[in-house]
Amino acid sequence: MITVKRKGITLIELVLVIALIGIIIPVLTSTFFVGNKSFSVSRDIGFVQQDLRLATMFAENELRLISDISLDIPESNRYYKFEAFFDESTQKTTMRVNYYEEATEAGTEGDLLDSKKITGEWDRIMINNLNPGRLGFTAITDYNGRDVVQGQTILLENKMSLVSLDHDFTFSKINDESIVFYYQKKVDDSNLVVTTPGGDDEGSITLSADTFNFEKKKNKSFVIEEEIEVMGGDSTNYSIINLTEPSEYNGFDINSIEIQSIGTKNYLKITGDAPAASNTHYTIKLRIKVTDGNIESDETAITITTVNN
């Protein structure tokens, strides 16, 4: 007679396994949730810091050329109005710059010529006089009870001493404080100052797969229209000098580069054909100058990149 022995686990072994599982699972779960929470916090702080950097860039671009600053409306020449306030309609903090025609009556604002603004989650904004020739700009956002701060020293290109600015400006969402002041800009008419889409010296433009059908693997036409700021010289007669050599085109065909003026704004218009092939990025750096026929700006670079995704 053949006897078959059946193997299994004992009650003690089963209890030990259950006990180990009961220890391991909470540890793994806790590690996962802690890691996920840490990632979320880092990501959120990154977004906050990016928001703060946008605020400082906006302020620096707008204030670096000031020649006079006042709490009152200037009585002569065109002027700018800087504001920082909490917009109840959007529930966002707003920084806005309005450009006005010369006031026809003392104490009243002239006709609005242009306006630009930026919105964010900033809780406090401070502008300080750091004489001589400097402004301090600080933006602060409260993240879960922790202040995330972005500061910037704005070097005034006119090297002016803000003797008329004898106090600091503060915006506070909590205390319902806002910032309002008026200023004028001064640019030496013997120079042209150009601000590109990506900054003072170099702009960056990305052509995405949404713009082109890369599957056809052939050149695709594009038209780029980006606002640029040009100050100085004859504002009615700007044109482009293209310094880019054909050997630098890297597969691009550039048909035209020109400036179009619409109202008080100037737009850089570039037309051409971009090379297109799957899983390939193409980059070209256009080197240009702006001229009014008599004077020329410094060399400015515009980088165009195709992105296939």
| query | Looking at region 93-115, which of its residues are under 30 Å from Phe47 (Cα atoms), exposed (fewer than 15 other Cβ atoms within 10 Å of the Cβ) and without any contact (Cβ under 8 Å) to a residue 40 or more places away in the chain? | reply | Ser115
| task | Select from region 155-179 the residues that are in contact with an Asp or Glu (Cβ under 9 Å, 6 or more places away or on another chain), in a loop (DSSP other than H, G, I, E, B) and modelled with pLDDT of 75 or more and write down the one among them that is farthest from Asn128 (Cα to Cα). | result | Ile174
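Give the residues of region 137-149 that are modelled with pLDDT under 90 and part of a strand (DSSP E or B), sorted by residue number.
Within region 137-149, Tyr143, Arg146 qualify.
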| Verdict on Arg78 being out of contact with any His (no Cβ under 8 Å at 6 or more places or on another chain), assigned by TED's automatic domain parsing to the domain that holds Val180 and in contact (Cβ under 8 Å) with a residue 40 or more places away in the chain | yes
| query | Taking region 15-42, which residues are over 24 Å from Val148 (Cβ atoms) and of a type in the set (A, V, I, L, M)? | reply | Val15, Leu16, Val17, Ile18, Ala19, Leu20, Ile21, Ile23, Ile24, Ile25, Val27, Leu28
| Listed residues Phe58, Phe47; which is without any contact (Cβ under 8 Å) to a residue 60 or more places away in the chain and either within 39 Å of the chain's Cα centre (by Cα) or within 26 Å of Phe137 (Cα to Cα) (or both)? | Phe47
| When Asp51 is evaluated against the numbered criteria (1) touching a strand residue (DSSP E or B) at 6+ places or on another chain (Cβ under 6 Å); (2) in a helix (DSSP H, G or I); (3) within 22 Å of Lys186 (Cβ to Cβ), which criterion, by number, is the only one it fails? | (3)
| query | Is it true that Thr138 is buried (at least 17 other Cβ atoms within 10 Å of the Cβ) and polar (S, T, N, Q)? | reply | yes
| message | Can you list the strands (runs of 3 or more DSSP E) lying wholly within region 240-309 that have 2 or more residues being at pLDDT below 85 and exposed (fewer than 14 other Cβ atoms within 10 Å of the Cβ)? | response | 253-262
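Test Ser89 against the criterion of being within 30 Å of Ser178 (Cα to Cα), surrounded by 14 or more Cβ atoms within 10 Å (Cβ to Cβ) and of a type in the set (Gly, Ala, Ser), and give yes or no.
Criteria not met by Ser89.
The values are calculated or read from the model by the stated rules, or taken from the named source; none is laboratory data. For clarity, every value in this text was computed on a predicted model and none was experimentally measured. Note that we place each Cβ from the backbone using ideal geometry, even for glycine, and neighbour counts take in every protein chain shown.
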